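Q: Please see the structure below; I have some questions.
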Amino acid sequence: FAIFWHFTTGEWKQYIPTLQKVDAMFKYYLTGIFTNAPHPFRATRLKKHNPLQRLAYLGVMLFIGPLIWFTGWFYIFYDKWPDWGWDQYLALEWVAFFHTVAAFLMLIFLIAHVYLTTAGHTLTSHIKAMITGWEEVD
């Protein structure tokens, strides 16, 4: 459903990466967030995600997600590889390695998401915005 919705509404454009303000976002998340520095990005209807969010979501959707899915399917059907002629091209150790790497990358993404939900104006302001659909603006 998400893929259908993104393409029919044009929301996929929200994930086109940009390098503008990437350095400012890195500085903000490394130090500024702890010193109450102003956020270098303001969300608008046309730009809902900051440059780092765009890169992260694009990475998950284009690389991590497909890597987990494909290596997972290769894992599930490992016993069928000889029947399909794949045993000549795939090694279970490499499938396991890449599946594990993708799983750890997804775990890092999840931990960062959970942490950053608490980094709003108040501890729960981002969570409230997710539930209500309304976000507090300065």
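Q: At residue 107 and residue 8, where each label point lies 7 Å from the Cα along Cα→Cβ, what is the point-to-point distance in nanometres?
A: 3.7 nm
Q: Cross-chain or 8 or more residues apart, Cα under 23 Å: how many lysine pairs in the range 2-132 fit that? Count them up, please.
A: 9
Q: Counting other beta carbons within 10 Å of each Cβ, put 61, 25 in order, fewest first. Please list the in-between numbers first.
A: Working: 61 15, 25 19.
By the 10 Å Cβ count, ascending, the order reads 61, 25.
Q: If you take the beta carbon distance between residue 84 and residue 46 as r and set R0 to 30 Å, what does 1/(1 + (r/R0)^6) give as a FRET efficiency, to the nearest 0.05?
A: Values: r = 46 Å, r/R0 = 1.52.
Rounded to the nearest 0.05, the efficiency is 0.05.
Q: Still on this structure: So if I place +1 on the C-beta of Lys and Arg and -1 on the C-beta of Asp and Glu, and nothing else carries charge, what would the dipole magnitude of the chain be about its Cα centre? I want it in debye, nearest 20. Kindly include the intermediate steps, with their values, before the conclusion.
A: On the way: 10 positive and 9 negative charges, 139 e Å.
Using only the charged Cβ atoms, the result is roughly 660 debye.
Q: In angstroms, what radius of gyration and Dmax does the chain have, counting Cα atoms only?
A: In order Rg, Dmax, the Cα atoms of the chain give 19.2, 61 Å.
Q: Let me ask you something else. Exposed loop trypsin sites (Lys or Arg not before Pro) only (DSSP loop, at most 12 other Cβ atoms within 10 Å): please give the longest stretch of the chain free of them, not including the sites. Walk me through the numbers on the way to the answer.
A: Values: sites that count: 42, 45.
Result for the longest clean stretch: 46-138.
Q: Let me ask something additional. If I model a spin label as a point 7 Å beyond the Cα along the Cα-Cβ vector, how far apart are those points for residue 129 and residue 37 in nm?
A: Label-label distance for residue 129 and residue 37, simple model: 1.9 nm.
Q: Let me have the 222 nm mean residue ellipticity of the chain computed from DSSP H runs of 4+ only, each contributing -39500 (n - 2.57), with the sum over all residues rounded to the nearest 500.
A: Values: 7 runs with 72 residues, N = 138.
Roughly -15500 deg cm²/dmol at 222 nm, from the helical runs in the chain.
Computed from the coordinates by the stated procedures, all read-outs in this text should not be read as laboratory data. Small disclaimer: the values here were computed from a predicted structure and weren't measured. As a convention, Cβ positions derive from the backbone with ideal geometry for all residues, glycine included, and neighbour counts pool all protein chains shown.
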